[in-house]
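Everything below concerns the one structure shown next.
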Amino acid sequence: NNKPESYKIVHLAPLTGDASFQGQILVNAAKMAVDEINENGGINGVPIEYVTVDETSSTTTGIEAVRKAIALEPVAVIGPNRSGTILAAEDLWRQAKIPFITDGTNADTTKKGNPYTFRIQIPSTYWIPILAKTAKEHFNVTRPAVLYGNNEYSKGLWDATLPALAEYGLEPVTIQTYNDGDRDFTAQLLQIKNTGADALFLYGYEAELGLILRQRMELGMENMLVFGERGCASPAVEELAGTANIEGLVCSTTFSQGDPDPKRQEFIKKYEEKFEESLSPTHINHYDSIYILADIIGRVGGNREKIREELSKLDYEGVLAHYQADKEGNLVHTIYTQIFKDGKWQLLLTEEYPVER
Amino acid sequence: MSKLIELLRKHVLLVIGIILLIAPHITSQYEFYVVQRGVQNAIHVVGLLILTGYGGMLSMGSAALLAVGAYAYGILLVKFGLSPWLGMILATALTTIIGTGLAFPSFKLSGPFLVITTIGFGEIVRILLLNLEPITGGAYGLSGFAKLFPNVQWVYYFMVITLIFVIIGTERIGRSRLGLALKAIRQDEVVAESMGIDVRRAKLVAFSLSAMLAGLSGVFLANLTGYMSPDSFTSAESTTYLLMVVMGGMQSVIGTVISAIILTGLPEVLRFLSSSRLLVYSLILLIYLRLNWVKSDNAFLKLLKSITKRFGMYTSSTEPGNRS
Amino acid sequence: MLKIYELTVAYSTVPVLHGIDLEVPQNKIVALLGANGAGKSTILKSISGLIKPISGRIEFCGQSIAGLRPDEIVKLGVAHVPEGRLVFPGLTVADNLKIGTYSRKYSKNKLKANMEKAYELFPRLAERRNQLAGTMSGGEQQMLAIARAIMSEPRLLMLDEPSLGLAPVIVDLIMDKIKEINEQGTTILLIEQNAELALAISDYAYVMSVGELVLSGESREVAKDKSMLDAYLGGEK
Amino acid sequence: MTIATLFQLILNGLAMGVIYSLPALGISLIWNASGLFNFAQGDLLTLGGYLMLSIFGALKIPYIPAFVTVIVIMGLLGYILSQIYFYPMLEQGVNPQIILIGTIALSVFIRNLILVIWGSTPKTYANPFGSKVMQIGKLYLMPHVIGIVIIVTLLLILLQYFLRGTMIGTAMRAVAQNQTASWLMGIRNDRMIALTFLLSTAIAAVSGVLISPIIPLTPSMGGIIAVKAMSAVVIGGLGSFTGALVGGIVVGVAETIFATLVDPAYRDVFTFVVLVIFLLFRPGGIFRAQISEKV
Amino acid sequence: MNAEKNDDNLVLKAECITKRFGGLVAVDKLNINVYDGQICALIGPNGSGKTTAINLITGIYNVDEGIIEFLGQPIQGLMPHSISWMGIARTFQNIRILGSQTVFENALLGKGYGNGGASIIHTVLNSASYRREVVASTKEVDEVLDFVGLSDLSNEKACNLPYGKQRILEIARALITKPKLLLLDEPAAGLNSQEIQDLTELVKKINKQGISILLIEHRMEVVGKLADWVFVINHGSKIAEGTFDVIKKNPVVIEAYLGRGGR
Ligand SMILES: Nc1ncnc2c1ncn2[C@@H]1O[C@H](COP(=O)(O)OP(=O)(O)OP(=O)(O)O)[C@@H](O)[C@H]1O
Ligand SMILES: Nc1ncnc2c1ncn2[C@@H]1O[C@H](COP(=O)(O)OP(=O)(O)OP(=O)(O)O)[C@@H](O)[C@H]1O
Ligand SMILES: [Mg+2]
Ligand SMILES: [Mg+2]
């Protein structure tokens, strides 16, 4: 009888600046879930009021956005998604006592002991052992090479690489780096070619990944497998490299376009129809975030404290994956490994993340 | 009506002071934060006014100086365990020293050359902040330092009082021999030095004053956000600061303060535009520049000028206005 | 050739010329005298289209030119050596001269011939043809400004204080040259602070005072009117 | 390090350097012909690239007609910009600093316009020079490098001839220096400035079209290149077209060698330090711009 | 004013100064001496190096060779502002005033910056000593403006002044620096005869205050009335010197410079 008029969920995402294309995907995914729920009568008859706030691509202005989000007094917040903003706004959340579900990859985000922080993501370093394992066990790789960008994110992945390879008795034959903004990777690729490597572990951002994959083909290295992290599965990489040039690309992702599961294929179809663009397997998990929140709110109502509590002991079968909360507030989920073969992504294996509760 | 304007004019500082002092009580937490950022930006931009408005030296490195102030404060507190107040003083001093160094290229360069040099300086600082990770925290930034006052409002009041001092001081400098020297340098450096103006010294002082205010403002920024990362100090930010000076009329301290506060708030006001926000924002700036409201005899600036007249130190014994 | 009726001009709102009537007959030299700030340069600027008059008519060879753009007026054969010389500091002397013929679209040979004539007039310019105009001395720039105007062989040549900053020998030279050009068929409107000099070479003279014409006539007659001249131009010794 | 590696490095640097040279030429042109330093050149370049993306990449119009269309659209844009924005400001004698800042504001505007229209996902389209690496002895070279070197050199010769050798070019430079005087020479200042902008945005279009198959299009892509191009212009000598080309190559080669041999993280630091050294010890640049101030 | 000519009396001594621009020798082993209380004139054809000589003396350009001494002290190589502080002031051939500043502010410029005066701290705090300094220099500027006859235009924007007054303003600005030697570069150019007369009076009045003057001028009536001693240069070097009456009869000077007896 004292039902609220709506449940307000604020989505903080970078809508302007360099990261805005990711922001758009984040918003699309969440928006899709919200529309579905509202079309089906909302949460127990109460609609979701979905508000986006531009997190921008800079931290200081991002904080302003966070304050704006808090001022809107939502029941829960999706985002922020840039690790910098998450860390910067730490105290604000604690004070505001609003649960928020982010997508940031930095391992530290959930290590601050803030009970309101949740992350629908797996620490980036966890991908690498899986890649190493796939390389060894699936493809019998013997001479891996490594090429990574000189940035925080890629370096983090590189740090996890040596031990992961060592575990499977592999040792890189050469280690090459490049800088963000580099456009010509001939030198690095040729060095790799000269070592006779049979696989390349490649970490970086979309723009460079695309170029490297393309130049790899141009240099006649089509037989070399490339192992990458989920960024490699982004349609942007495919577009930049050209579809023909990403043959043989293997990557671990949070979602696989090649997953034959009908409910996931259904999701992909709906998404691509709605937004008229190919789905990016990264940054779409907020589709499930909304459903998770809707599910919880349906059970406990709009009380933030109760929502937080429910989130901290989450065990939920979503459309995209199966989610379980660990003790740090990571809503960890299934990991997929896929390969681009014969012009399309094909699922190789799925693996559950080991959850510490 | 004109009487009211006259009254406002006479006590403009008081009016601004009162508005700013009651601001925390009439705004929401979020709006208050924007006001705080406005005041903090104003302190910074008034420094830029001395350099760019008075002295005609365009700097696109001001965000980097802000970064130096903020980071120095944070690092001194986090890594060296200094007290906030000592941290503030040392951070400001350090920024002043580094900013003064920027004056040396200005001895030989002007116009676009100086702009490019300062862009370069800004980039260097940003890259260092990103890469000197053990000290600066790299891309993920620095946090966990104490504030000047435990209470945010107190920090704010302290900023407002600082701003008022800065306004009065800058206004006085503008009217002093230093201010005149800088204006002369802007218009004709040869004349300036021929008339006994130590051009290098004046430039050094201008750079160090503006760096000092940038440093101080950086300390306040650190206090406001409690966190900083290199992405907040790009040359795009410097552009915004430069535009604040330009829209304030390039000559008027009060104008600069008002424009700093308005331009800080404008993107927030435009937030409803979502991703086209910055498009509209830059369009407004373009139109403003095109209409040449900056030129000295527009009505708004005339008002500003008459407002600031009362700080004037050097005025001739002949009263203005008694000739036809 | 040039007739001005009731010319009124203002800078923003301050009127500086109040209904000037002036005539420059074909093939004559007309001198325009007057104290500083009387509005002499303003008349020239109105003729060449740099400022738009509020009212009044300016006729050049029977065609009304008030309100035309400067480039249109220049094409009709009006050349204006402005006060302050206004050479192009970053162009070489040769380029400055070349640009003087912009409105004429001369052939290469014609351009070259005119260039040689200019160099002959001021040998200093020939020595310095590749020097940037901005680094020339004050007087050298004045020579360049005059030469640049002559390059286009104008029908009406308007000179605003051509003797300013020139050595006495060069002043003599220029006055001779003005006469010579005039004899070759160019009409001349000359502003000079040095009244004596101007009256000596001109056929007609006008004397201005604060935006109005106060005296006009044949130069010989005007020169005789010592008291009037003294009153308007300041005590001649 | 072998000699071959060093040569390969130099070659890679050269490839990057000619990319900087393209917008550097545009900046030099505007500087020569209107006295403005255009901070928006990089973003105009980006815009050219995106237009090509839409016309060639999406509408599938053949390469050459698409290229021409982009040049025409961009030239028109330059014309409009000069007519409604820059010429009126120049004519009113607005403080040059304000106009300089105007170009900075314009750059912000274009960047956000692109963001709103095309989004920020990196985009690209096929490289017309083909993408088969060429091997010369032990060295590898992308074919587009040769293409761009040829086009840049052609542009340079054309601009050099146009600005120094023709009456219109001289007139353009004259307008940049004194508008009253140029009116008195019978020059239409408004047209000259429009022509200047038209040409420089057309050059931006050429740069954008040539660069965007190599460097993925993002809204801020041109801005990053422009900072390097500006450094190149200054190192080469502001106002000198040859300087723009050589400056671009110097920057490209120097930073590539530094990044590989020393530390890639500090590559841009190195570039700017080189710039400052140049500015302090040879402010005129390699092809020393003549300094015309006389007291 | 006639001064004794001995080395104690020497205000400015330029010995063998040379300045080259590329291949061009603008000033060529030039010697100039100005004695205390003198008005000297420097004349010569256009482009003979007069302005360049002044630029050398005031430190705008550095001499390539030669010595410049002011009151017995070498000044070559010093920065222009130091030379100004030592007591050499100048005006410019092309008027250079700050158009958007008032007449008063333009004159005040002559107070310089960095040569003593209140510190920033005093300025910002508006201390008593700073206020005293302001009052004193305001008075000083007002006095000089009064002296040159510009006091009623003191609050006018300098660009609104008529040409002749702008020239006077440049002189006022130079006077505020309290010079011992004043260098005037064509002060009469563009003035009408009335204004020239006023200017001549003003220069005499300045000279009477004990300020030596070096004057460049193409108007011979001015040189004739003012100069105690005239240097004639051509192609950067001196071709004659002496009193004007002697100089104007010198055939070399007539040939190179004066033409038809130089009105
Ligand atoms: N751009 C301007 N803006 C406002 N007033 C101006 C402008 N130019 C000239 N004036 C005013 O117009 C009047 C006439 O000026 P003009 O230059 O025509 O005089 P002039 O007779 O040529 O004097 P001079 O002998 O000094 O050259 C003067 O009072 C001057 O102050
Ligand atoms: N910066 C410079 N670069 C090249 N040449 C210069 C420079 N300054 C002066 N000159 C040349 O040096 C010579 C002397 O110039 P200066 O200005 O001293 O002449 P001036 O005697 O003052 O002449 P005027 O009477 O015409 O003013 C001139 O031929 C001039 O072209
Ligand atoms: Mg005049
Ligand atoms: Mg001279």
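The values are calculated or read from the model by the stated rules, or taken from the named source; none is laboratory data. Keep in mind the model is a prediction, meaning the values are calculated, not measured. Here the Cβ positions follow ideal geometry from the backbone for every residue, glycine too, while neighbour counts run over all protein chains shown. The accessibility values were calculated without ligands, DNA or RNA, using every heavy atom of the protein model including side chains. Shrake-Rupley method; radii C 1.70, N 1.55, O 1.52, S 1.80 Å.
Is one or more of the residues making up the range C:106-125 within 28 Å of residue E:164 (Cβ to Cβ), of a type in the set (A, V, I, L, M) and open to solvent by less than 30 Å² (accessible area, probe 1.4 Å)? No - not one qualifying residue is present in the range C:106-125.
A count restricted to the range E:211-224 and to residues that are closer than 14 Å to residue E:40 by Cβ and more than 16 Å from ligand 4 (Cβ to nearest atom) stands at 4. If the condition is being closer than 19 Å to residue E:184 by Cα and either in contact with a Phe, Trp or Tyr (Cβ under 6 Å, 6 or more places away or on another chain) or open to solvent by 30 Å² or more (accessible area, probe 1.4 Å) (or both), then the range E:109-129 contributes only E:111. Of the residues making up the range E:53-68, those that are part of a loop (DSSP other than H, G, I, E, B) and either open to solvent by less than 60 Å² (accessible area, probe 1.4 Å) or touching a Ser or Thr at 6+ places or on another chain (Cβ under 9 Å) (or both) are E:58, E:59, E:60, E:61, E:63, E:64. Selection of the range A:61-104 for residues being at pLDDT 85 or above, in a loop (DSSP other than H, G, I, E, B) and open to solvent by less than 10 Å² (accessible area, probe 1.4 Å) yields A:74, A:80, A:98, A:99. Scanning the range D:1-23 for residues that are under 27 Å from residue D:163 (Cβ atoms) and within 12 Å of another protein chain (Cβ to nearest Cβ) returns D:14, D:16, D:17, D:18, D:19, D:20. Looking only at the range C:206-225, residues that are in a strand (DSSP E or B), of a type in the set (Gly, Ala, Ser) and within 16 Å of ligand 3 (Cβ to nearest atom) come to 1 in all.
Scanning the range A:58-73 for residues that are at the interface with chain B (Cβ under 7 Å from one of its Cβ atoms) and charged (D, E, K, R) yields A:64, A:67, A:68. For the range E:229-249, residues that are farther than 25 Å from residue E:19 by Cβ and either among the aromatic types (Phe, Trp, Tyr) or part of a loop (DSSP other than H, G, I, E, B) (or both) total 4. Taking (1) within 16 Å of ligand 4 (Cβ to nearest atom); (2) free of Cβ contacts under 8 Å to residues at least 24 places away in the same chain in turn, residue C:170 satisfies each apart from (2). Of C:85, C:69, C:57, all but one fail to be at positive phi and of a type in the set (Lys, Arg); the exception is C:85. Collect the residues in the range E:173-193 that are in a loop (DSSP other than H, G, I, E, B), within 9 Å of another protein chain (Cβ to nearest Cβ) and more than 16 Å from ligand 3 (Cβ to nearest atom), keeping them in residue-number order. Matches in the range E:173-193: E:177, E:186. Scanning the range A:185-238 for residues being in a helix (DSSP H, G or I), in contact with a Gly (Cβ under 8 Å, 6 or more places away or on another chain) and within 21 Å of residue A:134 (Cα to Cα) gives a total of 2.
The lone criterion from (1) under 21 Å from residue A:112 (Cβ atoms); (2) at pLDDT below 90 left unmet by residue A:311 is number (2). Checking the structure you have, find out if any residue of the range A:148-157 is under 21 Å from residue A:350 (Cα atoms) and either modelled with pLDDT of 90 or more or open to solvent by less than 20 Å² (accessible area, probe 1.4 Å) (or both). The answer is yes, given that some residue of the range A:148-157 is under 21 Å from residue A:350 (Cα atoms) and either modelled with pLDDT of 90 or more or open to solvent by less than 20 Å² (accessible area, probe 1.4 Å) (or both). Across the range D:268-277, the number of residues qualifying as more than 10 Å from chain B (Cβ to nearest Cβ) and either aromatic (Phe, Trp, Tyr) or touching a helix residue (DSSP H, G or I) at 6+ places or on another chain (Cβ under 7 Å) (or both) comes to 0.
For the range E:161-190, taking the residues that are within 16 Å of ligand 4 (Cβ to nearest atom) and in contact (Cβ under 8 Å) with a residue 40 or more places away in the chain, the one that is nearest to residue E:35 (Cα to Cα) is identified as E:183. Would you confirm, using the coordinates I've provided, whether residue C:85 is in contact with a helix residue (DSSP H, G or I) (Cβ under 9 Å, 6 or more places away or on another chain), within 16 Å of ligand 4 (Cβ to nearest atom), part of a loop (DSSP other than H, G, I, E, B) and not polar (S, T, N, Q)? In short, yes.
The strands (runs of 3 or more DSSP E) falling completely within the range A:272-343 that include 2 or more residues that are among the hydrophobic types (A, V, I, L, M, F, W, C) and under 16 Å from residue A:256 (Cβ atoms) map to A:335-341. Listed by position, the helices (runs of 4 or more DSSP H) contained in the range B:86-145 that have at least 2 residues being farther than 22 Å from residue D:31 by Cβ and in contact with a Pro (Cβ under 9 Å, 6 or more places away or on another chain) are B:111-131. Screening the range E:5-57 for residues that are out of contact with any strand residue (DSSP E or B) (no Cβ under 9 Å at 6 or more places or on another chain) and within 16 Å of ligand 2 (Cβ to nearest atom) and picking the one that is farthest from residue E:253 (Cα to Cα) gives E:22. The combined condition, being β-branched (Val, Ile, Thr), away from ligand 3 (no atom under 16 Å from the Cβ), in contact with a Ser or Thr (Cβ under 7 Å, 6 or more places away or on another chain) and more than 13 Å from chain D (Cβ to nearest Cβ), is fulfilled by residue C:58. Scanning the range C:150-173 for residues that are away from ligand 3 (no atom under 16 Å from the Cβ) and under 11 Å from residue C:186 (Cβ atoms) gives C:150, C:152, C:153, C:154, C:155, C:156, C:157. The lone criterion from (1) small (Gly, Ala, Ser); (2) open to solvent by less than 10 Å² (accessible area, probe 1.4 Å); (3) in contact (Cβ under 8 Å) with a residue 40 or more places away in the chain left unmet by residue A:318 is number (3). State the number of residues belonging to the range D:25-35 that are open to solvent by less than 10 Å² (accessible area, probe 1.4 Å) and within 12 Å of chain B (Cβ to nearest Cβ). Selection size over the range D:25-35: 3. When the residues of the range E:227-263 are filtered to those that are among the hydrophobic types (A, V, I, L, M, F, W, C) and more than 14 Å from chain C (Cβ to nearest Cβ), which remaining residue is most open to solvent (accessible area, probe 1.4 Å)? Of everything passing the filter in the range E:227-263, E:246 is most open to solvent (accessible area, probe 1.4 Å).
Filtering D:260, D:196 for residues that are surrounded by fewer than 24 Cβ atoms within 10 Å (Cβ to Cβ) and assigned to a helix (DSSP H, G or I) leaves a single hit, D:260. Please state which one of B:69, B:61, B:47 is within 16 Å of the chain's Cα centre (by Cα), crowded, with 19+ Cβ neighbours inside 10 Å and at pLDDT below 95. B:61 is the lone residue from the list that is within 16 Å of the chain's Cα centre (by Cα), crowded, with 19+ Cβ neighbours inside 10 Å and at pLDDT below 95.
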